[in-house]
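Notes follow the structure.
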Amino acid sequence: MLTTNLKKPFYNNIVSDSKTEDDKNKERPIEDEELISSVGKNIRAIRKSQMKTISEIAEVSGISSKYLQSVEVGKRNISITNLNKIAKTLNVPISVFFSYDHIEKTKKLLCIANKLKNYSIMQLSNIDTIIKDLKNIID
């Protein structure tokens with residue numbers, strides 16, 4: 001059972017799992033500046049969770065470090081082509097950059113996933129059991 005859960009990318013449901021039906025119905029249009037800032041923050045959060053520098057990402061993706069830094073702080077709009085290059089470099093789907101209401105959740109989940117990726121199936125199974133037990137205590 002656990003291996004099935006591990007094969008499915010955990011970030012597929014970040015946005016949908018965290019919204020109630022009312023939230024989905026009340027979505028508001030986003031201002032351009034807010035979207036640009038949010039995408040930049042998500043890039044930064046994901047990059048930092050992978051413990052990579054701006055220079056490393058810029059070099060691998062073939063874009064300038066200065067440009068990437070200005071995107072991360074929300075001062076520059078990014079093209080879809082460059083966004084795709086960064087997504088490939090970070091090994092995430094491009095859609096994860098647009099989860100603008102969930103920056104902190106995305107950051108935490110990616111950080112946790114990064115920490116767990118080298119654990120054995122048995123260790124992951126034990127961690128899964130602990131999480132289920134904690135959920136039962138909290139609920």
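The values are calculated or read from the model by the stated rules, or taken from the named source; none is laboratory data. Note that the structure is a prediction, hence the values are computed from the model and not measured. Neighbour counts run over all protein chains shown; Cβ positions are idealised from the backbone, glycine included. These area figures cover heavy atoms from the full protein model, side chains too; ligands, DNA and RNA do not enter into them. Shrake-Rupley method; radii C 1.70, N 1.55, O 1.52, S 1.80 Å.
Observations, loosely collected:
- 3J(HN,Hα) from dihedral phi, the range 63-75, Karplus parametrisation 6.51/-1.76/1.60, rounded to Hz, x for glycine, proline: 10, 6, 4, 5, 4, 4, 4, 5, 5, 4, 8, x, 8
- Accessible surface of the range 35-139, 1.4 Å probe, proportion on carbon and sulfur as whole %: 57
- Alpha-carbon centroid distance for the pair the range 110-139 / the range 34-82, whole angstrom: 29
- Taking a Cβ cut-off of under 14 Å around Val60, the surrounding Lys, Arg, Asp and Glu residues balance to a net charge of +2, with basic ones at +1 and acidic ones at -1.
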